[in-house]
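**Q** Please read through the structure below; I'll follow up with questions.
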Amino acid sequence: MGGLEPLIPLVLIFVVFYFLLIRPQQKKAKAHREMIAGLRRGDRVVTSGGIVGQVQRVIGDSELSVEIAENVRVRVMRAMIAELVAKPAPSRARDDDDDDDDYEDDDEEEERRAKRSRSRRRRQERARDDGDDEADDHPDEDGR
């Protein structure tokens, strides 16, 4: 046993390093791989560059289309997604992840509705403003 005594501290150091450094890092890497594999349309993500956006389309095994501002979409490598901020509430069931055309049509329809709503509000505001000006032009009941 005289030759093994100097190796005992080295083995103990390796065991401590394994449980304090190596094993937690492996768990973290596994969780990240699972998170990246589970990314879906509508997920809010943070890229490794710190950009927050929403996944609009899964392009392939390694790419995503992420909307970072209104009507601003960028292509991002899956591996560059650092964090999943929020998952959307589950909607209708989907059989195939590659069939995103239906959802793009839904996005376009939603955008058209939003534009109509904004223009309707603008017309109402203009009519209200015009109505206020006309009220000022009319004399009061006193004739003033």
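One line per residue, one yes/no per condition, for (1) farther than 17 Å from Ala79 by Cα; (2) among the basic types (Lys, Arg); (3) exposed (fewer than 14 other Cβ atoms within 10 Å of the Cβ):
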| position | (1), (2), (3) |
| --- | --- |
| Ile13 | yes, no, yes |
| Tyr18 | yes, no, yes |
| Lys28 | no, yes, yes |
| Val46 | no, no, no |
| Gln54 | no, no, no |
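**Q** Can you tell me which residues in the stretch 1-42 are under 30 Å from Leu84 (Cβ atoms) and small (Gly, Ala, Ser)?
**A** Passing the criteria: Ala29, Ala31, Ala37, Gly38, Gly42.
Laboratory data are not the source of any read-out in this text; all were calculated from the coordinates shown. Since this is a predicted model, take the numbers as computed values, not measurements. Positions of Cβ are generated from backbone atoms using ideal geometry, with glycine treated the same way; all protein chains shown enter the neighbour counts.
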